[in-house]
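A.B. asks: Pasting in a structure now, in structure tokens, and then I'll have a few things to ask.
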Amino acid sequence: MSEAVRAAVDDVSVHIRDRFIKLNLTNWEAATNGGQGALDAAAQARGEWMRFWADPDAYQRFKAWDENGAAGDDAHLARMLRMLHLGFAEGQRDPSTIDEITALSKSLDDAYTNFRSEVNGARLTANAIDQILASETDSERRRAAWEASKQIGPRVADPIRRLAELRNDAAHRMGYENFHRMSLTLNELDPDWLYGMLDDLAAKIDEPYRQAKAAMDAQLGERFGVPAADLMPWHYADPFFQRAPMIGEFDYDAPFAGRDLVDLAVRTYDDLGMDVRDILERSDLYEREGKDQHAFCMHVDREGDVRTLCNLEPVLRWMETLLHELGHGVYDKYIPQRLPWLLRTVPHILSTEAMAMLMGAQTLDPEWHVRYLGASSGQAEIIAEASAARFRLEELIFARWVMVVVNFERLLYEDPARDLDTAWWDLVQKYQLLTKPDGREKMPDWATKYHIALVPAYYQNYLLGRMMSLQWDRWLAEHAGGIAGRREAGDFFRERVFELGATLHWNDALEYATGEKLNPDYFVWKFAG
Ligand SMILES: [Zn+2]
């Protein structure tokens, strides 16, 4: 029995590998040379990838083998059967709705991509809106920009509701209550655990959040010349209040002026016993016409071709981003090649995000500033204080925002026909403590967030990734004395994290590394203690 199973797994691996490499290479080409031909090739590879995972026979076969324990006591084979079972389950598409889902997604994607906020006749990009919210001091002009950023809502709300219904139809056919529950379950997150954990966390950080926001509001009130109690959603740093506004005196970019970020990254990773030079050589690091403006890392073939795309400038944000993307990169690079191809990946997206976030946060570590930027101990103290306050404020604000998004998605998929406009503002008031402005009653402000429409059931990974990184961070503080410049910290990752590849469920892998399953209290202790 298990010989036939093994042969089937080997066979399907070859097919997945071919499509995976093609998908990555065409995506890389599209991101670095954005011409129409490259975009078409990437779309075609995407289609082939989706059609492959939609195969109903493969789904039934791997589901049965997984559920019947066909791998016997071969743990690697069992894990591969589970991954194939879940992968094919997620890929199942009903031919009658696949066209409608694809067409709706495409038109929504175009709507978000081409949307420009109109303020007094001028058409503004999302970056221009962020720029206004970062620097404008006149409340009326801020209000106009914020309201303009919500103009897309009424145009996309109905298609998103329809998309949610179609996703739910697919979930019902697979035997799930709704799409949100299905999607979380197939990504190895128990929906009831997630909902309960977020409720619990909300209660634990409620008072610290209230206090941190009140202190921030006092400063913002002064900046904008309004009483703190009268601050409105447009007084914050972005249209959703998902990031912390820049407050205080400290100039976070100053330490990076004139620095060679690549050299700093190489030295940071060298000291952990991780060589990133080959990754950087394959990478596309600097801004250029026709190139993707964001950043990402990919392991093209799971055979060592790891690369990253960045648009480096000597400022904090890009130092953090480079260390972040290389965090993904070293995770991929140091997964052992002796593992079967299917297991030569991360256990979960949240695990690799955790590594990336941990390394990005090195830029907030005073030890890192002393060691790599040559900061004096006096400077390091100032940096430590400012950075710790900023880190805390950012994470508290972001956690509350994740609670809005995840709980909204839960409500959306429980009943796409409900009064979502009211539900959204109820959550924003409850978790973010923002004031609902007049005139938003029948406005689908929920629909202005890209992820709600097109990256569904994903947002929790950002918060879970942060939690995992804090759990590693605590373990390293106790066992290696920290991270910056410590070979033992690098050994921990190579021997107890990367070494496993995808051989275990993400939470079992975390327990193997730290002796404990995911414990949200590390987040509470760090930011709300
Ligand atoms: Zn990342």
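Any read-out appearing in this document is the output of simple, stated calculations on the displayed coordinates, not a laboratory observation. What you see is a predicted model; the values in this text were computed from it and never measured. A quick note on method: Cβ atoms are made from the backbone with ideal geometry, for glycine too, and the neighbour counts reach across all protein chains shown.
A.B. asks: Which net charge results when you count Lys and Arg as +1 and Asp and Glu as -1 among the other residues whose beta-carbon is under 11 Å from that of G501?
C.D. replies: Here the count lands on +2.
A.B. asks: I need the Kirkwood Rh of the range 1-133: take the reciprocal of the average 1/r across all distinct C-alpha pairs and report it in angstrom.
C.D. replies: Result for the range 1-133, one decimal place: 18.0 Å.
A.B. asks: Of all trypsin sites (Lys or Arg not before Pro) in the range 450-529, which ones are in loop regions per DSSP and have a Cβ with at most 13 other Cβ atoms within 10 Å?
C.D. replies: Within the range 450-529, the qualifying trypsin sites (Lys or Arg not before Pro) (loop, at most 13 other Cβ atoms within 10 Å) are K517.
A.B. asks: Give, in nm to one decimal, the length gained when the segment between D491 and R267 is fully stretched (0.36 nm per residue of separation minus the Cα-Cα distance).
C.D. replies: Using 0.36 nm per residue and subtracting the Cα-Cα distance, I get 79.0 nm.
A.B. asks: Follow-up question, since we're still on this one. Test of understanding: ordering T503, T113 by Cβ neighbours within 10 Å, fewest first, what list do you get?
C.D. replies: T113, T503
A.B. asks: Within the range 1-27, list the residues whose amide N lies under 13 Å from a label point set 7 Å along Cα→Cβ of I98.
C.D. replies: Hits in the range 1-27 for I98 at 13 Å: none.
A.B. asks: Sticking with the crude label model, points 7 Å out along Cα→Cβ, report the distance from E289 to D199 in nm, one decimal please.
C.D. replies: Result: 5.7 nm between the two label points.
A.B. asks: Quote the Stokes-Einstein diffusion coefficient, in whole µm² s⁻¹, for the range 1-67, based on the Kirkwood radius over alpha carbon pairs, a temperature of 4 °C and a viscosity of 1.567 mPa s.
C.D. replies: Reported coefficient: 96 µm²/s.
A.B. asks: Using only the alpha-carbon atoms of the range 306-397, report the extent along each of the three principal axes, biggest first, to the nearest angstrom.
C.D. replies: Ordered largest first, the range 306-397 gives principal extents of 50, 29, 24 Å.
A.B. asks: How much length would be gained if the chain were fully extended between S139 and D521, taking 0.36 nm per residue of separation minus their Cα-Cα distance, in nm to one decimal?
C.D. replies: Gain on stretching S139 to D521: 133.7 nm.
A.B. asks: Further question: Report, in debye and to the nearest 20, how large the dipole of the range 15-57 comes out about its Cα centre when Lys and Arg carry +1 and Asp and Glu carry -1 on their Cβ.
C.D. replies: 80
A.B. asks: Given 0.36 nm per residue, what is the gain on full extension from W49 to Y112 after removing their alpha carbon distance, in nm?
C.D. replies: The span from W49 to Y112 would gain 20.3 nm if fully extended.
A.B. asks: Please list, in chain and number order, the residues 5+ apart from V119 or on another chain whose amide H is under 5 Å from its amide H, with Hs placed from the backbone.
C.D. replies: Answer set, sorted by chain and number: L124.
A.B. asks: Now a separate question. At R0 = 51 Å, how high is the FRET efficiency between A388 and V14 if r is their beta carbon distance? Nearest 0.05 is fine.
C.D. replies: 0.55
A.B. asks: Can you give me the pair-distance distribution of the chain, C-alpha pairs, 20 Å bins, whole percents?
C.D. replies: Going out from 0 Å in 20 Å bins, the chain shows 20, 57, 23, 1 percent.
A.B. asks: Okay, moving on. Treat the count of other C-beta atoms within 10 Å as a stand-in for reagent exposure and order V428, V300 from fewest to most.
C.D. replies: Lowest count first: V300, V428.
A.B. asks: Expressed as a rounded percentage, what relative contact order does the chain have, with Cα pairs under 8 Å and six or more residues apart?
C.D. replies: For the chain, the relative contact order is 16 percent.
A.B. asks: OK, next. First obtain the Kirkwood hydrodynamic radius of the range 212-346 from its Cα pairs, then insert it into the Stokes-Einstein equation at 4 °C and 1.567 mPa s, and state the resulting D in µm² per second as a whole number.
C.D. replies: Approximately 73 µm²/s, per Stokes-Einstein.
A.B. asks: For the range 253-306, compute Rh as the Kirkwood radius over C-alpha pairs and then the Stokes-Einstein diffusion coefficient at 20 °C and 1.002 mPa s; write the answer in µm²/s, rounded to an integer.
C.D. replies: For the chosen part, D equals 163 µm²/s.
A.B. asks: Then there is this: How far apart, in nm, are the 7 Å Cα→Cβ label points at T32 and E414?
C.D. replies: 4.7
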